[in-house]
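Visitor: Please see the structure below; I have some questions.
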Amino acid sequence: MTPRIICPHCHSPIDPHTLDYAASDSAQFRICLACDEPIVLALTLAIAELPPRRP
């Protein structure tokens, strides 16, 4: 069975191996083929570089 993820924008089931790649200074993305919206995969900042969480 082909693995699938659900797009958080259009809710289409998508094979993650077919997604286009994109990146910015702060995150790595995959582009949904159904709706052309970015899906955040991973932050590129180290956890130590993130601003402190406010209570």
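Visitor: Restricting the search to segment 12-28, which residues are assigned to a strand (DSSP E or B) and over 21 Å from residue 2 (Cβ atoms)?
Guide: As a first pass, look at segment 12-28 and keep what is assigned to a strand (DSSP E or B): 13-14, 20-23, 27-28.
Answer for segment 12-28, where residues must be assigned to a strand (DSSP E or B) and over 21 Å from residue 2 (Cβ atoms): 22, 23, 27, 28.
Visitor: In segment 18-34, what residues are at pLDDT 85 or above and open to solvent by 50 Å² or more (accessible area, probe 1.4 Å)?
Guide: 18, 20, 21, 33, 34, listed by residue number.
Visitor: For segment 16-25, give me each residue that is over 10 Å from residue 40 (Cα atoms) and touching a strand residue (DSSP E or B) at 6+ places or on another chain (Cβ under 8 Å).
Guide: Filtering segment 16-25 down to residues over 10 Å from residue 40 (Cα atoms) leaves 16-21, 24-25.
Those that are over 10 Å from residue 40 (Cα atoms) and touching a strand residue (DSSP E or B) at 6+ places or on another chain (Cβ under 8 Å): 16, 19, 20, 21.
Visitor: Among the residues of segment 35-46, are any surrounded by fewer than 11 Cβ atoms within 10 Å (Cβ to Cβ), modelled with pLDDT of 90 or more, assigned to a loop (DSSP other than H, G, I, E, B) and of a type outside the set (A, V, I, L, M)?
Guide: Taking segment 35-46 first, the residues surrounded by fewer than 11 Cβ atoms within 10 Å (Cβ to Cβ) are 36, 42, 46.
Those left that are additionally modelled with pLDDT of 90 or more: 36.
Pick out the ones that are also assigned to a loop (DSSP other than H, G, I, E, B) and you get 36.
Next cut, of a type outside the set (A, V, I, L, M) only: 36.
Yes, there is a match, as at least one residue in segment 35-46 is surrounded by fewer than 11 Cβ atoms within 10 Å (Cβ to Cβ), modelled with pLDDT of 90 or more, assigned to a loop (DSSP other than H, G, I, E, B) and of a type outside the set (A, V, I, L, M).
The values are calculated or read from the model by the stated rules, or taken from the named source; none is laboratory data. It should be emphasised that the depicted structure is a prediction, and the values quoted were computed from it without experimental measurement. Note: ideal-geometry Cβ built from the backbone for every residue, glycine included; neighbour counts use all protein chains shown. Areas reflect the complete protein model, heavy atoms only, side chains present, ligands, DNA and RNA absent. Shrake-Rupley method; radii C 1.70, N 1.55, O 1.52, S 1.80 Å.
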